[in-house]
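Participant: Submitted below is the structure of interest, expressed as structure tokens.
The values are calculated or read from the model by the stated rules, or taken from the named source; none is laboratory data. Remember, it's a predicted structure, so these values are computed and weren't measured experimentally. So basically every Cβ, Gly included, is an ideal-geometry build from the backbone, and we count neighbours across all protein chains shown. Areas reflect the complete protein model, heavy atoms only, side chains present, ligands, DNA and RNA absent. Shrake-Rupley method; radii C 1.70, N 1.55, O 1.52, S 1.80 Å.
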Amino acid sequence: MSSNAQQFASDNYSGICPEAWAAMAAANVGHETAYGNDTWTARAADRFRQLFETDCEVFFAFNGTAANSLALAALCQSYHSVICSDTAHVETDECGAPEFFSNGSKLLLAPAHQGKLTPGAIQQIATKRADIHFPKPRAVTVTQATEVGTLYGLNELQAISATCRDLGLHLHMDGSRFSNAVAGLGCTPAEVTWKAGVDVLCFGGTKSGMAVGEAILFFNRELAEDFEYRCKQAGQLASKMRFLSAPWLGVLENDTWLRHARHANAMAQLLAERVRGVPGVDFMFPVEANSVFLQLSEPALEFLRARGWRFYTFIGSGGARFMCSWDTEEARVLELAADIRTAMGG
């Protein structure tokens, strides 16, 4: 198995989709104004406003960690806190960046149900204490799709946003795999964000087929005050901004982002279908987006590694995550499924 063969450890393993590549090449002709004052960035921002059916504020950052952390910092003062699930990426995989960029806003963890926050958990944490010795809850962040591949349905998001309104909390959405969530839910981007009560969305570009980049959309425009200064201070103002924004035009045109996401989701469903019913193979979570979480025996995991497969595991649990991407080939899915069956003695 060659070192550049398609793998299932992460959708970050995939390359750049042709549409994003072509848009970058088109932006690489002639000179353009620097620091985001170019035509490509203006067009990309307008395209987002069209897609989401609202006049939102749009910013571009290099990666999801910066986007999430800066967005949350815009919602909070240093003495505030952010409620999130105990499996949220901002808690488990961002090296304290949300606290760092907010000068100390604390993350308050709620137990997740299949990776998701519930209104009850938010209510319990937000009302647990109201004294001056405790960081005052100010925001809630949800991950869509979640870290375990599950999706918040429209009713769930509406219930969470209603709870946030009752408690005076802002609602942030970490949309690293927002494309896969929209594809899985079959709704419009507007329906699953601002129409459901989301104040700010971080829309992931890398997992949508881009080389780099995240879009930060403030549906509540008042919360975006001076956000450009926050981006500059954090090293997120690209001097040649058109190379962050132009690929979005390629990805958003003709719903390319949605088509690629549907393909990734379909490949995850195919893998699930091909290993369902194999003795000893258990699904850890429902397959709702582009990931498949399987409980396998340790010898089976070792067999797959020896066969050259790369995937993430969870220490001590026997769980393995297999992630599909925009370019995942059906033949590779079938090959992986066959090896899983063999590994489990099928």
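Participant: Would you check if residue 296 is more than 25 Å from the chain's Cα centre (by Cα) and open to solvent by less than 20 Å² (accessible area, probe 1.4 Å)?
Facilitator: Yes; evaluated as a whole, the condition is true for this residue.
Participant: Residue 290 - would you say it is surrounded by 18 or more Cβ atoms within 10 Å (Cβ to Cβ), out of contact with any Cys (no Cβ under 7 Å at 6 or more places or on another chain) and of a type outside the set (Phe, Trp, Tyr)?
Facilitator: The answer is no for residue 290.
Participant: Of all residues in the range 180-209 being over 14 Å from residue 141 (Cα atoms) and charged (D, E, K, R), which is least open to solvent (accessible area, probe 1.4 Å)?
Facilitator: 207
Participant: Take the range 79-131 and flag every residue that is within 17 Å of residue 159 (Cα to Cα), part of a helix (DSSP H, G or I) and either open to solvent by 40 Å² or more (accessible area, probe 1.4 Å) or not aliphatic (A, V, I, L, M) (or both).
Facilitator: 119, 120, 123, 124
Participant: Would you check if there is a residue in the range 322-340 being in a strand (DSSP E or B), in contact with a Gly (Cβ under 8 Å, 6 or more places away or on another chain) and more than 30 Å from residue 49 (Cα to Cα)?
Facilitator: No, the range 322-340 contains no residue that is in a strand (DSSP E or B), in contact with a Gly (Cβ under 8 Å, 6 or more places away or on another chain) and more than 30 Å from residue 49 (Cα to Cα).
Participant: Taking residue 325 as the residue in question, decide whether it is outside the structural domain of residue 101 (by the TED database) and hydroxyl-bearing (Ser, Thr, Tyr).
Facilitator: yes
Participant: Is one or more of the residues making up the range 9-17 of a type in the set (Gly, Ala, Ser), part of a helix (DSSP H, G or I) and either within 16 Å of residue 175 (Cβ to Cβ) or not assigned by the TED database to the domain that holds residue 182 (or both)?
Facilitator: no
Participant: Name every residue in the range 44-68 that is among the polar types (S, T, N, Q) and either in a helix (DSSP H, G or I) or open to solvent by less than 30 Å² (accessible area, probe 1.4 Å) (or both), in order of residue number.
Facilitator: 50, 65, 68
Participant: Residues 21, 40: which one is within 22 Å of the chain's Cα centre (by Cα) and either at pLDDT 95 or above or over 18 Å from residue 214 (Cβ atoms) (or both)?
Facilitator: 21
Participant: Could we say that residue 258 is farther than 24 Å from residue 10 by Cβ and either touching a residue at least 12 places away in the same chain (Cβ under 8 Å) or basic (Lys, Arg) (or both) here?
Facilitator: Values: farther than 24 Å from residue 10 by Cβ: no; either touching a residue at least 12 places away in the same chain (Cβ under 8 Å) or basic (Lys, Arg) (or both): yes.
It is false that residue 258 is farther than 24 Å from residue 10 by Cβ and either touching a residue at least 12 places away in the same chain (Cβ under 8 Å) or basic (Lys, Arg) (or both).
Participant: Would you point out which residue out of 109, 72 is over 29 Å from residue 261 (Cα atoms) and of a type in the set (A, V, I, L, M, F, W, C)?
Facilitator: Among 109, 72, only 109 is over 29 Å from residue 261 (Cα atoms) and of a type in the set (A, V, I, L, M, F, W, C).
Participant: Of all residues in the range 74-111, which are aromatic (Phe, Trp, Tyr) and at pLDDT below 95?
Facilitator: 100, 101
Participant: Output the residues belonging to the range 229-286 that are open to solvent by less than 30 Å² (accessible area, probe 1.4 Å) and assigned to a loop (DSSP other than H, G, I, E, B).
Facilitator: 234, 236, 238, 241, 278, 281
Participant: Now for a different question. Kindly indicate the residue of the range 132-173 that is assigned to a strand (DSSP E or B) and among the basic types (Lys, Arg) and also least open to solvent (accessible area, probe 1.4 Å) among those meeting that condition.
Facilitator: The extreme case among them is 138.
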